[in-house]
């Protein structure tokens, strides 16, 4: 069996490749955002901040790995079916990202309100 790198690209427009690259940028952004938030809030908040930072990095790594696996799976399906695949799925990555960003936003709001009430 040939490796994925030996197979030709499925489409001229490279939609799968562009999607994979955008998920990589998203996971990198989540990693950087988590580390910056931890750096800024460490002086003000307790160890819970570090827990959220490590959780953010872990979720970003899971998104990176999941998006790579999704790309490989969908590419294989498209090449083997020669484009006759109806639905490729993959909403789980989007749901995980949205949930994580929502939790971080709520945590940020809580941080702002707690800091304002203590001043």
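The values are calculated or read from the model by the stated rules, or taken from the named source; none is laboratory data. These figures come from a predicted structure and were not determined experimentally. Glycine gets a Cβ as well: all are built from the backbone with ideal geometry, and neighbour counts include every protein chain shown.
Among residues of region 93-115 that are on the phi < 0 side of the Ramachandran plot, those with a Cβ under 9 angstrom from a residue that is surrounded by 14 or more Cβ atoms within 10 Å (Cβ to Cβ) and not in a helix (DSSP H, G or I), sequence gap 6+ or separate chain, pair up as 111/45; 114/45; 115/45. Of the set (1) modelled with pLDDT of 80 or more; (2) more than 14 Å from the chain's Cα centre (by Cα); (3) surrounded by fewer than 16 Cβ atoms within 10 Å (Cβ to Cβ), all apply to residue 62 but (2).
Counting only residues that are more than 15 Å from residue 108 (Cβ to Cβ) and touching a helix residue (DSSP H, G or I) at 6+ places or on another chain (Cβ under 6 Å), which one in region 18-34 is surrounded by the most Cβ atoms within 10 Å (Cβ to Cβ)? Even if it seems obvious, please write down each step before you answer.
Here is the first cut: in region 18-34, the ones more than 15 Å from residue 108 (Cβ to Cβ) are 18-29, 31-32.
From what's left, touching a helix residue (DSSP H, G or I) at 6+ places or on another chain (Cβ under 6 Å): 20, 23, 27, 31.
Numbers: 20: 17, 23: 21, 27: 23, 31: 19.
In this case the residue turns out to be 27.
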